[in-house]
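Accompanying notes for the structure given below.
The values are calculated or read from the model by the stated rules, or taken from the named source; none is laboratory data. It should be emphasised that the depicted structure is a prediction, and the values quoted were computed from it without experimental measurement. Quick reminder, even Gly has a Cβ in these numbers, built from the backbone with ideal geometry, and neighbours come from all protein chains shown. These area figures cover heavy atoms from the full protein model, side chains too; ligands, DNA and RNA do not enter into them. Shrake-Rupley method; radii C 1.70, N 1.55, O 1.52, S 1.80 Å.
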Amino acid sequence: MTSRATLSVNRTAIQWSPVCGRYLVAKGATLGHDLLIEELPFAVGPKCNGPVVCLGCYELDPDPEEELCGECGWPLCAECSPNEDNHHFQLECRLLRDARARFFPLPRGSSHCPQLDCIMPLRVLLAKEANPGRWDSEVAPMEHHEEERKKDSDVWHADRVNIAQYLRGPCKLASRFSEELIMQVVGVLEVNAFEARSPKGYPLRCLFPYTGILAHSCVPNTCRSIYPSEGYKIRLRAMVDLEEGQPLHHSYTYTLDGTAQRQRHLKQGKFFDCKCDRCLDPTELGTHFSSLKCGQCAEGNQVPRQPTDPDSSWNCGSCGSVTSSSEGQTMLQSLQTEVNAVQALAMGAKRLEEVERLLRKYKSLIHPMHFIATGLRQLLIEMYGRVPGYEMVQLPDHQLERKAELCRQVLRVLNTFEPGLSRTRAMNLYELHVPLVLLAKSGFIAGRLKGGELRGRLVDAIDLLKECVEILEFEDKSSQEGVLCVVAKQALEQLSLSVEGLGNELD
């Protein structure tokens with residue numbers, strides 16, 4: 001298959017800089033939601049440092065000793081075993097069988113199967129042989145940061161033994177692939193691979209050579225969707241309107257982490273320091289997403305003096321008081337430990353009530369929009385209306401208003417960090433419309449709202465649903481977001497009929 005058959009990039013162009021290396025720009029003025037790139041993966045496979053999974057569908061294997069391929073003896077579920085169209089049969093099965101490379105099941109309770117770490121690199125190497133033109137033009141030039149990876153000697157040694165030496169030894173590939181090439185592929189995957197989900201929702205990795213050279217920003221202007229139903233094709237769209245020549249940015253870290261957390265993740269996993277506008281701004285674009293409450297004055301917020309320096313102190317903008325790096329980090333670690341303990345609780349009323357307690361407790365310690373507080377709000381949004389004792393039909397008005405306010409607070413952050421076409425925004429828009437509809441109806445029944453006011457509130461909810469659908473309609477229909485899109489469309493249709501009926505009554 002030629003590279004042209006795997007790629008459509010009419011709206012983008014490649015440029016180069018000493019800082020970013022190769023990166024992508026918009027070829028012309030582009031509207032938000034417009035398609036920028038379509039690309040099929042060079043290879044698809046299991047994640048590194050993961051458990052035993054089926055090599056066909058990536059389902060977590062409940063019994064690694066029984067769910068094995070009848071040809072090579074490696075993990076393959078009963079459903080995938082008769083299906084010769086899956087990745088395992090098409091790629092590594094015959095090679096493993098002919099080499100008599102035996103799979104060794106792990107002891108029960110083990111969470112990481114190092115033997116499977118070789119599968120994705122092997123698939124890249126086999127794709128290199130099958131598509132040498134695409135390898136030479138698209139994959140070989142990708143960053144793999146060999147010198148930086150060697151500095152973490154333990155990880156480098158583990159990859160060399162578990163992947164390079166295993167493929168060249170037991171898999172009998174020494175004559176086909178050098179150790180240097182294999183370690184290059186390992187680096188390319190570590191730095192550039194995207195996580196995706198199988199049709200059943202199981203995590204895996206995809207390598208997209210063209211889309212993978214997107215530059216990073218902690219406020220991205222592109223959004224990607226991966227389609228399992230179309231061979232894991234990726235589609236990249238503009239999140240917002242773009243100008244001709246504007247660099248295309250994607251976020252390679254979690255946008256709802258604070259600056260120090262994002263910097264650490266990018267340094268460890270992608271080997272660079274981010275210098276985007278958000279990272280360089282102590283207030284994180286006015287959100288105070290990493291700011292501490294000042295302990296010396298009532299109104300002040302402490303922001304990091306040097307936000308990209310992990311050892312930076314926090315300074316109060318009102319009274320000038322200083323919190324040292326060690327003091328600030330100790331406090332945040334303590335808070336995060338408490339949050340982790342609550343997150344580990346079973347989904348239920350106790351978990352919800354504990355999250356609310358932590359939010360109240362942290363009011364005097366961190367800025368109201370701090371990333372820890374925002375994460376707690378996101379947990380509450382997911383629980384209000386779903387856990388026993390707090391199901392949607394049981395919520396009194398004050399708890400419906402609580403859920404609506406939580407949604408608005410998280411959306412204020414998302415509107416800054418993920419403007420426009422954002423799946424997380426879409427899901428919060430959907431969550432917000434539900435309490436607004438219920439509050440409007442209860443207000444009308446209680447006589448607090450007249451017919452016209454009820455109609456206006458429902459129209460507001462319709463607008464939220466419309467934006468939710470506009471964002472999620474680009475998702476694969478089998479994905480969690482695609483399923484929510486169908487639900488949102490149904491809710492939109494029903495609500496529109498209700499508003500139309502109200503309009504007729506008012507006329």
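Would you say T308 is open to solvent by less than 30 Å² (accessible area, probe 1.4 Å), free of Cβ contacts under 8 Å to residues at least 60 places away in the same chain and in a loop (DSSP other than H, G, I, E, B)?
Working: open to solvent by less than 30 Å² (accessible area, probe 1.4 Å): no; free of Cβ contacts under 8 Å to residues at least 60 places away in the same chain: yes; in a loop (DSSP other than H, G, I, E, B): yes.
Taking the combined requirement at face value, the residue does not satisfy it.
Is there a residue in the stretch 428-435 that is of a type in the set (F, W, Y), open to solvent by 30 Å² or more (accessible area, probe 1.4 Å) and more than 29 Å from E284 (Cα to Cα)? Give the steps one after another, and end with the answer.
Of all residues in the stretch 428-435, those of a type in the set (F, W, Y) come to 430.
Those still in the list that are open to solvent by 30 Å² or more (accessible area, probe 1.4 Å) too: 430.
Then keep just the ones that are more than 29 Å from E284 (Cα to Cα); that gives none.
No - not one qualifying residue is present in the stretch 428-435.
Scan the stretch 406-426 for residues that are of a type in the set (D, E, K, R), in a helix (DSSP H, G or I) and crowded, with 18+ Cβ neighbours inside 10 Å and jot them down. Even if it seems obvious, please write down each step before you answer.
Going through the stretch 406-426, the residues of a type in the set (D, E, K, R) turn out to be 408, 412, 418, 423, 425.
From what's left, in a helix (DSSP H, G or I): 408, 412, 423, 425.
Answer for the stretch 406-426, where residues must be of a type in the set (D, E, K, R), in a helix (DSSP H, G or I) and crowded, with 18+ Cβ neighbours inside 10 Å: R423, R425.
Among what's in the stretch 35-63 and is part of a loop (DSSP other than H, G, I, E, B) and under 19 Å from the mean Cα position of the chain (by Cα), pick the residue that is nearest to A130 (Cα to Cα). Step through it out loud before you land on a result.
If we filter the stretch 35-63 for residues that are part of a loop (DSSP other than H, G, I, E, B), which is where we start, we get 40-42, 46-52, 54-59, 61-63.
With under 19 Å from the mean Cα position of the chain (by Cα) added as a condition, the list becomes 41, 46-50, 58.
On the way: P41: 13, P46: 20, K47: 22, C48: 23, N49: 27, G50: 27, Y58: 23 Å.
So, considering only residues that are part of a loop (DSSP other than H, G, I, E, B) and under 19 Å from the mean Cα position of the chain (by Cα), the one nearest to A130 (Cα to Cα) is P41.
Quick one: is K172 out of contact with any Leu (no Cβ under 6 Å at 6 or more places or on another chain), modelled with pLDDT under 95 and over 29 Å from E148 (Cβ atoms)? Full working, then the answer.
Working: out of contact with any Leu (no Cβ under 6 Å at 6 or more places or on another chain): yes; modelled with pLDDT under 95: no; over 29 Å from E148 (Cβ atoms): yes.
No.
Could you list, ordered by first residue, the pairs with Cβ atoms under 6 Å in which the first is in the stretch 206-226 and closer than 21 Å to W135 by Cα and of a type outside the set (A, V, I, L, M, F, W, C) and the second is assigned to a loop (DSSP other than H, G, I, E, B) and open to solvent by 10 Å² or more (accessible area, probe 1.4 Å), at least 6 apart or interchain?
P209/F42
Scan the stretch 291-305 residue by residue and report those that are touching a residue at least 40 places away in the same chain (Cβ under 8 Å) and not in a loop (DSSP other than H, G, I, E, B). Lay out the reasoning, then the answer.
Step one: of the stretch 291-305, the residues touching a residue at least 40 places away in the same chain (Cβ under 8 Å) are 291-293, 301, 304.
Selection gives L292, K293, N301, P304.
Being of a type outside the set (S, T, N, Q), part of a loop (DSSP other than H, G, I, E, B) and under 17 Å from the mean Cα position of the chain (by Cα): is that true of L285 here? I'd like the intermediate steps shown before the answer.
Working: of a type outside the set (S, T, N, Q): yes; part of a loop (DSSP other than H, G, I, E, B): yes; under 17 Å from the mean Cα position of the chain (by Cα): no.
Against the criterion (of a type outside the set (S, T, N, Q), part of a loop (DSSP other than H, G, I, E, B) and under 17 Å from the mean Cα position of the chain (by Cα)), L285 does not qualify.
Condition (residue is over 30 Å from P141 (Cα atoms) and either in contact with a Gly (Cβ under 6 Å, 6 or more places away or on another chain) or of a type in the set (S, T, N, Q) (or both)) applied to the stretch 267-281: is it met by at least one residue? It would help to see each step written out before you state the result.
Step one: filter the stretch 267-281 for residues over 30 Å from P141 (Cα atoms), giving 281.
Those still in the list that are either in contact with a Gly (Cβ under 6 Å, 6 or more places away or on another chain) or of a type in the set (S, T, N, Q) (or both) too: none.
No: the stretch 267-281 contains no residue that is over 30 Å from P141 (Cα atoms) and either in contact with a Gly (Cβ under 6 Å, 6 or more places away or on another chain) or of a type in the set (S, T, N, Q) (or both).
Given the options K403, K450, name the one that is touching a helix residue (DSSP H, G or I) at 6+ places or on another chain (Cβ under 9 Å), open to solvent by 10 Å² or more (accessible area, probe 1.4 Å) and of a type in the set (K, R). Reasoning before the result, please.
Working: K403 fails: open to solvent by 10 Å² or more (accessible area, probe 1.4 Å).
From the options K403, K450, the qualifying one is K450.
Quick one: which helices (runs of 4 or more DSSP H) lie wholly within the stretch 89-158 and hold at least 3 residues that are farther than 30 Å from E79 by Cβ and not polar (S, T, N, Q)?
The qualifying helices (runs of 4 or more DSSP H) are 146-151.
Which members of the stretch 324-336 meet the condition of being of a type in the set (S, T, Y) and either in contact with a helix residue (DSSP H, G or I) (Cβ under 7 Å, 6 or more places away or on another chain) or open to solvent by 30 Å² or more (accessible area, probe 1.4 Å) (or both)?
Taking the stretch 324-336 as the starting set, the residues that turn out to be of a type in the set (S, T, Y) are 324-326, 330, 334.
Answer for the stretch 324-336, where residues must be of a type in the set (S, T, Y) and either in contact with a helix residue (DSSP H, G or I) (Cβ under 7 Å, 6 or more places away or on another chain) or open to solvent by 30 Å² or more (accessible area, probe 1.4 Å) (or both): S324, S326, T330, S334.
Could you say which residue among L236, L248, L189 is over 16 Å from the mean Cα position of the chain (by Cα) and within 15 Å of L421 (Cα to Cα)?
Numbers: L236 fails: over 16 Å from the mean Cα position of the chain (by Cα); L189 fails: within 15 Å of L421 (Cα to Cα).
Checking each option against the conditions leaves just L248.
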